[in-house]
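Each remark here refers to the structure printed beneath this line.
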C-alpha cells in the first residue's frame with residue numbers, strides 16, 4: 001500500500017505506526033543539536049567577520065536602507081559598529097553605538113541556551129519564547145525606535 005500502514009480495526013486502540021514515529025524526537029543527540037549549534041556557528045562567524053572588517057570605515061557595508069530613505073535611525077542602526085566594539089571588548093563604545101543591542105544580548109543568549117538545552121533533552125517546543133515576551137520585546141523595540149529619533153532621545157542615536 002505504498003509504504004503506508006493499513007488502517008486498523010475500530011476496536012484496536014493503538015494508533016498507526018507513522019503517527020507514533022512523527023511524535024518522537026530524533027533519538028540521536030547530534031541530530032537534535034544541529035540547528036542550535038549551526039546557529040551558534042553562524043553567529044560566531046558573523047561576529048568574527050564584523051570584528052575583523054571594521055564597519056567604521058566606509059565602503060565595507062551598505063548603508064541602512066531605512067536611514068538612507070528617511071534620514072532617521074532604525075532600531076538596528078549602529079548595530080554593526082556595536083558588534084565590532086563588543087568583539088574588541090569595548091563595552092562603553094558598544095553602548096554608545098546601540099544600547100538596545102547591548103541590553104538585549106543577555107536575552108538572546110538566554111533564549112539560545114534554553115533552545116539548546118531543550119534540543120539536547122529532546123523536548124519539543126513550537127516557539128522560541130513565550131508570546132508575551134515577544135510582544136513586550138516588539139513594544140520595547142518600537143519605543144526605542146521612536147525615542148532615538150526625537151530631540152530628547154539624541155543620546156540614543158548611533
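The values are calculated or read from the model by the stated rules, or taken from the named source; none is laboratory data. The model shown is predicted, which means the values in this text are computed figures rather than measured ones. As a convention, Cβ positions derive from the backbone with ideal geometry for all residues, glycine included, and neighbour counts pool all protein chains shown.
Some points to look at:
- Of all residues in the range 115-128, those being touching a residue at least 12 places away in the same chain (Cβ under 8 Å) and surrounded by 15 or more Cβ atoms within 10 Å (Cβ to Cβ) number 3.
- When the residues of the range 87-103 are filtered to those that are part of a helix (DSSP H, G or I) and free of Cβ contacts under 8 Å to residues at least 24 places away in the same chain, the one that is surrounded by the most Cβ atoms within 10 Å (Cβ to Cβ) is 94.
- Complete set of residues in the range 63-86 that are without any contact (Cβ under 8 Å) to a residue 12 or more places away in the chain and either assigned to a loop (DSSP other than H, G, I, E, B) or closer than 19 Å to residue 140 by Cα (or both): 63, 66, 71
- Which listed residue, of 102, 139, is modelled with pLDDT of 95 or more, under 19 Å from residue 51 (Cα atoms) and under 19 Å from the mean Cα position of the chain (by Cα): 102
- Hey, residue 36 in contact (Cβ under 8 Å) with a residue 24 or more places away in the chain and assigned to a helix (DSSP H, G or I) or not: yes
- In the range 34-84, the residue that is surrounded by the most Cβ atoms within 10 Å (Cβ to Cβ) out of those that are modelled with pLDDT under 90 and closer than 21 Å to residue 144 by Cβ is 64.
- Residue list for the range 104-113, filter: over 21 Å from residue 143 (Cβ atoms) and either touching a strand residue (DSSP E or B) at 6+ places or on another chain (Cβ under 6 Å) or loosely packed, with under 14 Cβ neighbours inside 10 Å (or both): 109, 110, 113
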